[in-house]
1. Could you grab me the full set of residues in the stretch 84-136 that are within 26 Å of ASP52 (Cα to Cα), hydrophobic (A, V, I, L, M, F, W, C) and either touching a helix residue (DSSP H, G or I) at 6+ places or on another chain (Cβ under 9 Å) or modelled with pLDDT under 90 (or both)?
2. Just checking, does the stretch 121-138 include any residue being on the phi < 0 side of the Ramachandran plot, free of Cβ contacts under 8 Å to residues at least 40 places away in the same chain, exposed (fewer than 15 other Cβ atoms within 10 Å of the Cβ) and among the basic types (Lys, Arg)?
3. Would you confirm whether any residue within the stretch 50-67 is under 15 Å from VAL32 (Cβ atoms), of a type in the set (A, V, I, L, M, F, W, C) and in contact with a His (Cβ under 9 Å, 6 or more places away or on another chain)?
4. Among the residues of the stretch 35-80, what is the count of those that are in a loop (DSSP other than H, G, I, E, B), farther than 18 Å from LEU17 by Cβ and of a type in the set (S, T, N, Q)?
5. List pairs: first residue in the stretch 38-49 and free of Cβ contacts under 8 Å to residues at least 24 places away in the same chain and within 12 Å of GLY112 (Cα to Cα), second residue among the small types (Gly, Ala, Ser) and surrounded by fewer than 22 Cβ atoms within 10 Å (Cβ to Cβ) anywhere in the structure, Cβ distance under 9 angstrom, at least six positions apart or on different chains.
6. What number goes with the only condition from (1) more than 17 Å from LEU4 (Cβ to Cβ); (2) out of contact with any Asp or Glu (no Cβ under 6 Å at 6 or more places or on another chain) that MET101 does not pass?
7. Here are some conditions: (1) loosely packed, with under 11 Cβ neighbours inside 10 Å; (2) polar (S, T, N, Q); (3) at pLDDT 90 or above. THR67 meets all but one. Which one does it not meet?
8. Does the stretch 86-98 include one or more residues that are in contact (Cβ under 8 Å) with a residue 40 or more places away in the chain and of a type in the set (S, T, N, Q)?
Amino acid sequence: MSLLKWCDEGPATVPLLATVQDAVQTMIEKQVGAVAVIDEHGVVAGMFTERDVLAKFALSGRDAKATPVRALMSPMVEMATEETSASEALAVMLERHYRHMPIVDDQGKVLGICSIRNILEARVDDLLAELDASHHASAPGR
């Protein structure tokens, strides 16, 4: 199953020229904890996350309207593709302490952003369905 099926609808992105305010506003509107920062070609240049807001911006005294997001984003080294399995993505996210991973095409253009929450919610749904089926199969009188 493609990792994209487990992502939130439409990736949350901001351009390299965006401000911290733009990025935070996008996260609020999309109800996500991270945005991909993309260049003029749609290629992922980095990620800006809630952790970046807290660790790099919150107490800095900088103006959110004037601070470029590119100055505070985390450059992304690890990205997934449509061929990346959920288990591979989850392993990388846990090992690198990422909560979000962009999924990109062959040119590095963002197709989606997968979070640990997306993967875990999908697996919990599978587990609940399996448990429910198991319960009904073993119920007396069936």
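1. If the condition is that a residue be within 26 Å of ASP52 (Cα to Cα), hydrophobic (A, V, I, L, M, F, W, C) and either touching a helix residue (DSSP H, G or I) at 6+ places or on another chain (Cβ under 9 Å) or modelled with pLDDT under 90 (or both), then ALA86, ALA89, LEU90, MET93, LEU94, MET101, ILE103, LEU111, CYS114, ILE116, ILE119, LEU120 are the ones that fit.
2. yes
3. The initial filter retains those residues of the stretch 50-67 that are under 15 Å from VAL32 (Cβ atoms), namely 50-53.
Of the ones still in play, those that are also of a type in the set (A, V, I, L, M, F, W, C) are 53.
Subset that is in contact with a His (Cβ under 9 Å, 6 or more places away or on another chain): none.
Among the residues of the stretch 50-67, not one is under 15 Å from VAL32 (Cβ atoms), of a type in the set (A, V, I, L, M, F, W, C) and in contact with a His (Cβ under 9 Å, 6 or more places away or on another chain), which makes the answer no.
4. Residues that pass the stated criteria total 1.
5. Filtered contacts from the stretch 38-49: no entries.
6. So the condition that MET101 fails would be (1).
7. Of (1) loosely packed, with under 11 Cβ neighbours inside 10 Å; (2) polar (S, T, N, Q); (3) at pLDDT 90 or above, only one is false for THR67: (1).
8. Scanning the stretch 86-98 turns up no residue that is in contact (Cβ under 8 Å) with a residue 40 or more places away in the chain and of a type in the set (S, T, N, Q).
The values are calculated or read from the model by the stated rules, or taken from the named source; none is laboratory data. All figures in this text were calculated on a predicted structure; none of them were measured in a lab. Cβ: placed from backbone, ideal geometry, glycine included. Neighbour counts: every protein chain shown.
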